[in-house]
Amino acid sequence: MENPDNRTEIVLVACGSFNPITNMHLRLFELAKDYLQETGKYKVIKGIISPVSDAYRKKGLISASHRVTMAKLATQSSDWVEVDDWESCQNEWSETLKVLSFPSWELLTSSEPSTSSLSAEPVVLSRYHHQKCMSSNPTKSPQRTAPLTKPGRKRKREGNSHVPIKKDQQNPGTKSVPQIKLLCGSDIVESFGVPNLWKSEDITEIVADYGLVCINRPGYNVQKFIYESDILWEHRNNIHLVDEWITNDISSTKIRRALRRHLSIRYLVPDAVQAYIEKHDLYSPGSEDKNAEEILAPLQKHASSKQ
């Protein structure tokens, strides 16, 4: 095993509907953390759950306020996985690449107490990601420059005039900034092949600049999909495939189906999430018809941009 002090720090970000969040969603983080840390090269310091906004317009998608609250209830016992509500608060659907460029500054800090030599490191990180995000959208839409807040803490904004500090420019003894990686299941990777669901340039930047940690699920052949994709094959070394030896077939779709049929979901979701669903009478037959006539936001956006 390599020297622990030389391990690359990793922040795992999972995007999705979380409609509702399940025990399997939480297991993804634990599986990814075990896999990465067992290589001896990485140290996972934080996990971030980012529920999609209502503007995604997915069939059966209930209010983001409920989905975020349930995600927070599900993670309240975790000492390293937290919920970020920036994406869910947006009036428009946000591409996954944009979400990866908008991490919560406080979450992207070392898990170890900072010293005088490291005190400026979080600022460097926030400046880098702020500049990266702003440079990818020269129009600087009001939505992206609005203050970002979260109950109990406030995100800090830095000006975008700062040049990101490169690895070879860091002061001796200064630890490199954490790497952000997209955590997902096999279905997300294979969705890269759905026409108009993703922009090819976004896929390229995600796998090249961030990287994927993909949990293999039964019924999918991610290795074959990567082989058949020129983009994924080129950056295959930045895609980590994690085998799930203790299989778990829980899904949000199956949870909603059980609820519509008044079947028990106990032990499939955290107890606090189940209690919240029952208290607010969520996931009725009527809620599943929400957005039934709508076109999924990315399909509509990407298809119209090609016309």
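Structural remarks
- Condition met for Ser65 (closer than 22 Å to Leu282 by Cα and in a helix (DSSP H, G or I)): yes
- Qualifying positions in segment 279-307 - under 18 Å from Ser88 (Cα atoms) and of a type in the set (Gly, Ala, Ser): Ala297
A quick yes/no check of all residues on (1) under 13 Å from Thr75 (Cβ atoms); (2) buried (at least 21 other Cβ atoms within 10 Å of the Cβ):
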{"position": "Arg7", "(1), (2)": "no, no"}
{"position": "Ser17", "(1), (2)": "no, no"}
{"position": "Arg27", "(1), (2)": "yes, no"}
{"position": "Glu30", "(1), (2)": "yes, no"}
{"position": "Asp34", "(1), (2)": "no, no"}
{"position": "Gln37", "(1), (2)": "no, no"}
{"position": "Ile48", "(1), (2)": "yes, yes"}
{"position": "Lys58", "(1), (2)": "no, no"}
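- Only one entry in Ser104, Ser53 is at pLDDT below 95, open to solvent by less than 20 Å² (accessible area, probe 1.4 Å) and either under 15 Å from the mean Cα position of the chain (by Cα) or closer than 26 Å to Lys33 by Cβ (or both), namely Ser104.
- Scanning segment 296-307 for residues that are of a type in the set (A, V, I, L, M) and modelled with pLDDT under 90 yields a single hit, Ala303.
- Where a residue in segment 217-246 is closer than 14 Å to Ile188 by Cα and its partner, wherever it lies, is acidic (Asp, Glu) and part of a loop (DSSP other than H, G, I, E, B), with Cβ under 9 Å and at least six apart: Arg217/Glu244; Arg217/Asp249; Pro218/Glu244; Pro218/Asp249
- Only one entry of Glu201, Glu228, Glu205, Glu293 meets the criterion of being open to solvent by 60 Å² or more (accessible area, probe 1.4 Å), closer than 16 Å to Thr96 by Cβ and either at pLDDT 95 or above or over 20 Å from the mean Cα position of the chain (by Cα) (or both), and that entry is Glu201.
Residues are listed down the side, and each one gets a yes or a no for (1) part of a helix (DSSP H, G or I); (2) open to solvent by 100 Å² or more (accessible area, probe 1.4 Å); (3) over 17 Å from Arg27 (Cα atoms):
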position	(1), (2), (3)
Ile250	no, no, no
Arg257	yes, no, yes
Ser264	no, no, yes
Ala272	yes, no, no
Pro285	no, no, yes
Glu288	yes, no, yes
His302	yes, no, yes
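The values are calculated or read from the model by the stated rules, or taken from the named source; none is laboratory data. Computed from a prediction, not measured in an experiment: that's the story for all the values here. Cβ: placed from backbone, ideal geometry, glycine included. Neighbour counts: every protein chain shown. All accessible areas refer to the heavy atoms of the entire protein, side chains included, with ligands and DNA or RNA removed. Shrake-Rupley method; radii C 1.70, N 1.55, O 1.52, S 1.80 Å.
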